[in-house]
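J.: My questions will all concern the structure given below.
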Amino acid sequence: MNKVELLAPAGDLERLKIDLLYGADAVYVGGQKYGLRANATNFTIEELKEGCRFAHQLGKKVYLTLNIVFHNQDIEKVEEYISEVVETGVDAFIVSDPFIISYIKNNYPQVEVHLSTQNSTTNYKTIEYFKNEGIDRVVLARELSKEEIKEIIDKTAVDTEVFIHGAMCTCFSGRCALSNYVTNRDANRGGCAQVCRFSFKTANKHDFTMATKDLNLARYIPDLIEIGVKSFKVEGRMRSLYYLATVIGSYRKIIDHYYNKNLTEEVLKRQIEILSKVANRETSTQYIDHEADETDQYYTGRQEISNQDYLGQVISYDKEKKLVKIYERNYFKLGDIVELFTPSGKNIEFTVEKLYNEEKEELDVARHPDDIYYIYLDTDIEIEEYSMIRLIKKA
Amino acid sequence: MKILIKPTKKIDEYQNIDGIILPLKNYSVDYENDYSIAEIRKIKENFSKEIFIVINKMIFNQDIDHLKETLKEIETLQVTGIFFYDLALLKLKEELKLKTDLVWNAPHMTTNYKTCNYYHAKKVKYAYLSNEITLKEVLEIKEKSKIIPMFTLIGYPTVAMSNRHLITNYHKMHNLENNERLEVEEKVTKEKYYLYENEFGTTFKYGKVLNNIEALEKLKHVDFPYLILIEDGIDHSIFLKVLEIVNQNIEKNAPLDEIYHLIGDNTGFLKKETIYKVKKDE
């Protein structure tokens, strides 16, 4: 049986590795050019090669975004870039411009082309058009209900990809130039300044805001699998390592439990709780089950919470001395209940009983980000590279 | 060079135009007023010049069947063309073997000559170029593309479109009386934006009229095919005066200066390239 694909965002090579180790089946990345997150670190050609090597060794895939709205100067140089990228081994391009789709299908038929959400595809007739153009997959607009998605799948038999988690745009993708007008940063060439999260003055005493809550479709995973969605996409190429590890790890568990026929309410609730803790905004199901309304937005300006739960990234574990070595990320202290979680899905909850600095001097608190600390932990569980520690409960 | 207008009043009030743009009821967004097919048919009886119909809303599954019937009915009108956003229309034109020409009208995506040529190869006759490209880019598209380009000379530019009812939501959350329109001001730039809402969602317009008459000499020089003047939001008598001055300039190089007094000097992105890669210290 072909399982649904879990597709994760990777702003750089480290994030790519975290995504794949924590359970993503594929990653989508941006190159140094032509992607809609121009200000992420993005991948050089060499990094793309390495990323593809890493992914393919695990039997996983890499997709490259080539989804800007091209101006004349961009489109003149893109063909050479496409040729370089194909050599790196990417499995697909994510594209919105139909000329580019046509060019890739005609010149590199061995590489898949996925129609970007930037095209805001909302109906089956448009998909029929692009199916004739040779696209291999459609990333659907986020303004669709579950019923609309099902109808599209039933009527087109084209592989569909659906966003399941992360930030939402306020306007239709590709139909927004707010950033261009307010900040002169081109929304459709990777420079979006997220103007939809600004607040604006009005003639009355209430500022106008239009920021949307994040999307969270954890509860709809079974439904979406059952209607035939092929790929679940998580948003967030510029998100932190901790966020990605947590979100991908949680969705991995939900999907695997579903296929193992043991996705209980308890399992689902636990993963939803983890997802809510790592979120820096409130979430909603947006369009999947209702016409988006006032409950899917914010009204009191930008509302983002800095996440203090991420305590550290594991460097190594000394089984003999029973010490976990970490790079600290947020303050924690003796008595705090924490959880170490690994890429392969293991979770170890424990109380911080002993804590040491890099010189192995005993401490009460870990207070300096990026400093190295040792935490006492007695466990037989294999602690892999890229494991992390989060706060469960303060002392 | 042809002048198309998007009117807000009766068509016979406009002189010296080559055509009109009529947004179709139930199928258009971003415009103040719209027309049913019956109304367009009536207009056509007394208007011998070019008529373009706008079908630019996002098309959802439930729209497809009715859209098919609508397109067949439009075919009987024998209008000059249909402005379209969603490629469902391109597919339907092919399926239904319709002869009415199409105008590629994705407001922020008609930005390069190669994609214009792609659409031309797909038998799309016209392209309404984006307001967010420079004059240099416009002229390059004219030079290198086989598609017939159109460009906004005058009009409030559309900035964004959302499926959400943002004005209703705002009023509801703050217990304010609802209204279909809202004027907002960006706090740093102090620029105004006009929002208005219909059943399809919310449109954002920039608060200053786009005035691209500075480009007129160069556009005349290359015999640019179509210039568009959008009346929405502009006082009718001012719009008529602007139209008159533009025509006089095209016919006999009359000066354009008065237009600046009438509608300001906002040239949008005509001379200003956007950036998208921010320097690290910004």
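The values are calculated or read from the model by the stated rules, or taken from the named source; none is laboratory data. The model shown is predicted, which means the values in this text are computed figures rather than measured ones. Cβ placement follows ideal geometry from the backbone for every residue including glycine, while neighbour counts extend to all protein chains displayed.
J.: Report yes if some residue within region B:241-248 is within 30 Å of residue B:113 (Cα to Cα), touching a residue at least 24 places away in the same chain (Cβ under 8 Å) and either part of a strand (DSSP E or B) or not β-branched (Val, Ile, Thr) (or both); otherwise report no.
T.: Yes.
Let's see how each residue does on (1) under 19 Å from residue B:228 (Cα atoms); (2) out of contact with any helix residue (DSSP H, G or I) (no Cβ under 9 Å at 6 or more places or on another chain):
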site	(1), (2)
B:48	yes, yes
B:55	yes, no
B:63	no, no
B:69	no, yes
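J.: Residues that are at pLDDT 95 or above, assigned to a loop (DSSP other than H, G, I, E, B) and out of contact with any Pro (no Cβ under 6 Å at 6 or more places or on another chain): does region A:186-196 have at least one?
T.: No, that holds for no residue.
J.: When region B:88-120 is examined, which residues are found to be outside any loop (DSSP other than H, G, I, E, B), more than 18 Å from the chain's Cα centre (by Cα) and more than 9 Å from chain A (Cβ to nearest Cβ)?
T.: Residues satisfying the conditions are B:93, B:120.
J.: Also: Consider residue B:141 carefully, then state whether it is buried (at least 22 other Cβ atoms within 10 Å of the Cβ) and out of contact with any strand residue (DSSP E or B) (no Cβ under 7 Å at 6 or more places or on another chain).
T.: Criteria not met by residue B:141.
J.: Could you list all residues from region A:164-194 that are at positive phi and either more than 8 Å from every other protein chain (Cβ to nearest Cβ) or in contact (Cβ under 8 Å) with a residue 12 or more places away in the chain (or both)?
T.: Matches in region A:164-194: A:166, A:174, A:190, A:194.
J.: Which residues, taken from region B:163-177, are more than 7 Å from chain A (Cβ to nearest Cβ) and part of a helix (DSSP H, G or I)?
T.: Hits for region B:163-177 are B:167, B:168, B:171.
J.: Here's another thing I want to ask about it. Would you check if residue A:221 is surrounded by fewer than 20 Cβ atoms within 10 Å (Cβ to Cβ), in contact with a helix residue (DSSP H, G or I) (Cβ under 6 Å, 6 or more places away or on another chain), closer than 24 Å to residue A:289 by Cβ and of a type in the set (A, V, I, L, M, F, W, C)?
T.: no
J.: So residue B:16 ticks every box in (1) touching a residue at least 40 places away in the same chain (Cβ under 8 Å); (2) in contact with a Phe, Trp or Tyr (Cβ under 6 Å, 6 or more places away or on another chain) but one. Which box is left unticked?
T.: All conditions pass for residue B:16, except number (2).
J.: On to the next question. Within region A:88-111, which residues are away from every other protein chain (no Cβ under 13 Å) and either touching a residue at least 40 places away in the same chain (Cβ under 8 Å) or of a type in the set (Gly, Ala, Ser) (or both)?
T.: A:88, A:89, A:90, A:91, A:92, A:94
J.: Would you tally the residues in region A:271-288 being exposed (fewer than 15 other Cβ atoms within 10 Å of the Cβ) and either modelled with pLDDT of 95 or more or among the aromatic types (Phe, Trp, Tyr) (or both)?
T.: 0
J.: Would you be able to say whether some residue in region B:97-113 is more than 24 Å from residue B:47 (Cβ to Cβ) and among the aliphatic types (A, V, I, L, M)?
T.: Within region B:97-113, one or more residues are more than 24 Å from residue B:47 (Cβ to Cβ) and among the aliphatic types (A, V, I, L, M).
J.: Taking the residues in region A:35-53 that are in contact (Cβ under 8 Å) with a residue 40 or more places away in the chain and in contact with a helix residue (DSSP H, G or I) (Cβ under 6 Å, 6 or more places away or on another chain) as candidates, determine which candidate is farthest from the other protein chains (Cβ to nearest Cβ).
T.: A:49
J.: State yes or no: is residue A:117 more than 30 Å from residue A:46 (Cβ to Cβ) and either surrounded by 18 or more Cβ atoms within 10 Å (Cβ to Cβ) or of a type in the set (D, E, K, R) (or both)?
T.: Answer is no for this residue.
J.: Report, by residue number, each residue of region A:80-99 that is assigned to a helix (DSSP H, G or I) and in contact with a helix residue (DSSP H, G or I) (Cβ under 7 Å, 6 or more places away or on another chain).
T.: Scanning region A:80-99 gives A:82, A:84, A:85, A:88, A:98, A:99.
J.: What do you reckon, is residue A:223 closer than 18 Å to residue A:24 by Cα, among the acidic types (Asp, Glu), over 16 Å from the mean Cα position of the chain (by Cα) and not in a loop (DSSP other than H, G, I, E, B)?
T.: Against the criterion (closer than 18 Å to residue A:24 by Cα, among the acidic types (Asp, Glu), over 16 Å from the mean Cα position of the chain (by Cα) and not in a loop (DSSP other than H, G, I, E, B)), residue A:223 does not qualify.
J.: Can you tell which of B:127, B:160 is more than 7 Å from chain A (Cβ to nearest Cβ), in a strand (DSSP E or B) and either touching a His at 6+ places or on another chain (Cβ under 9 Å) or free of Cβ contacts under 8 Å to residues at least 40 places away in the same chain (or both)?
T.: B:127
J.: Identify the single condition in (1) in contact with a Ser or Thr (Cβ under 7 Å, 6 or more places away or on another chain); (2) assigned to a helix (DSSP H, G or I); (3) within 14 Å of chain B (Cβ to nearest Cβ); (4) not small (Gly, Ala, Ser) that residue A:70 does not satisfy, given that it satisfies every other one.
T.: Unmet for residue A:70, out of (1) in contact with a Ser or Thr (Cβ under 7 Å, 6 or more places away or on another chain); (2) assigned to a helix (DSSP H, G or I); (3) within 14 Å of chain B (Cβ to nearest Cβ); (4) not small (Gly, Ala, Ser): (2).
J.: I would also like to ask the following. Any idea how many residues of region A:195-225 are among the aliphatic types (A, V, I, L, M) and within 14 Å of chain B (Cβ to nearest Cβ)?
T.: Residues that pass the stated criteria total 5.
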